[in-house]
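The values are calculated or read from the model by the stated rules, or taken from the named source; none is laboratory data. Predicted, not measured: the structure shown is a model, and the values here were computed from it. Please note: Cβ atoms are built from the backbone with ideal geometry, for glycine as well, and neighbour counts cover all protein chains shown. Side chains included, ligands, DNA and RNA excluded: accessible areas come from the protein's heavy atoms. Shrake-Rupley method; radii C 1.70, N 1.55, O 1.52, S 1.80 Å.
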Amino acid sequence: MARRRASARTPTRTPRRRFRPLRWLRRWLVRGLMGLIVVMTGWVLLYTVVNPPGGLYIFNEYRRLGAVERDWVDIEAISPHMARAAVAAEDADFCLHWGFDMGAIRAALEAGARRGASTITQQTVKNVFLWQARSWPRKALEAVMTPMVEAAWSKQRILEIYLNIAEFDEGVFGVEAGARHYFGVAAADLTLVQAARLAAVLPAPRQRDAARPAPAVRRRAAAIMDGAATIAAD
């Protein structure tokens, strides 16, 4: 009888766990961060084989202007002069670094805000995946995605995408549209002088004209031509 009573006793309840909001928030932040990294990785890998349709900036310009000039061309259909001129103008150590040019970053820090240090890879990440306005969230995402792009894409692919999404004038994006806009030729037919002038407008495309270059643009283009010749020799 005693044994039967013992078996009929109410089982002991497991004490309920105390809700800890900080632990819950930390857990969901980690999950959200991991999910974001998975999405970014998939996005980067997608563009190893799919050409980017454009970026947020191009989309905003399309809405503002009603239309933009842009025609994708493969790297094989871009003059080698243009590829070398872009590297000479924007990122001389492009083939040597892993996305960040530490020497240029140190020089930029020493010069304050008077010069930039963004590599071609960083500019490509910003133009394809992010937005233009400077902010700490954008810089943080750029710092995460730049090594991803360097790991997933070849240098040739990075340069191909960069040249197809860079702005050369208001509403003019990509080297094919830039070549036709300024010189009436295809990107494949750009001469060294034309390529250097196109590269010379890249830092400030809305204030510079490749077809009718100001003296400062001519001097910059001449320096770019020298740099491109060095790259060709190497």
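Here r is the Cβ-Cβ distance between residue 31 and residue 206 and R0 is 41 Å; the resulting FRET efficiency, rounded to 0.05, is 0.45.
Using a 1.4 Å probe on the protein chains only, how many percent of the accessible area of segment 62-157 belongs to carbon and sulfur? Intermediate values should be presented prior to the final figure.
On the way: 2940 of 5280 Å².
The nonpolar share, carbon plus sulfur, comes to 56 percent.
Set the Förster radius R0 to 35 Å, insert the Cβ-Cβ distance between residue 188 and residue 98 as r into 1/(1 + (r/R0)^6), and round the FRET efficiency to 0.05. With R0 = 35 Å, the Cβ-Cβ based efficiency is 0.70. Ligands, DNA and RNA aside, residue 193 has an accessible area near 70 Å² when probed at 1.4 Å.
Counting only protein heavy atoms, what percent of the accessible surface of segment 188-234 is carbon or sulfur at a 1.4 Å probe? Result for segment 188-234: 52 percent of the exposed heavy-atom area is carbon or sulfur.
Is the shape of segment 153-234 best called rounded, prolate or oblate, per the rule: a/c under 1.5 gives rounded, else a/b larger than b/c gives prolate, else oblate, with a ≥ b ≥ c the square roots of the Cα gyration tensor eigenvalues?
Values: a/c = 1.57, a/b = 1.07, b/c = 1.46.
Oblate.
Scaling the Cα radius of gyration of segment 41-177 by the globular reference 2.2 N^0.38 Å produces a ratio of 1.03.
Would you calculate, for the chain, the mean residue ellipticity at 222 nm contributed by helices, counting each DSSP H stretch of 4 or more residues as -39,500 (n - 2.57) and dividing by all residues, to the nearest 500?
Details: 11 runs with 139 residues, N = 234.
My calculation for the chain gives -18500 deg cm²/dmol from helical runs alone.
Residues 57, 182, ordered by accessible area of protein heavy atoms at a 1.4 angstrom probe radius and largest first, appear as 57, 182. Rounded to two decimals, the Cα radius of gyration of the chain over 2.2 N^0.38 Å is 1.48.
For a Förster distance of 30 Å, can you work out the FRET efficiency between the beta-carbons of residue 45 and residue 133, rounded to the nearest 0.05?
Working: r = 27 Å, r/R0 = 0.89.
In this case the efficiency is close to 0.65.
Measuring only protein heavy atoms, the 1.4 Å probe finds residue 59 accessible over about 110 Å². On a per residue basis, the chain carries 61 Å² of accessible surface, using protein heavy atoms and a 1.4 Å probe. Could you list the residues of segment 78-97 with an amide nitrogen less than 20 Å from a label point located 7 Å from the Cα of residue 233 in the Cα-to-C-beta direction? Within reach of a label on residue 233: 80-96.
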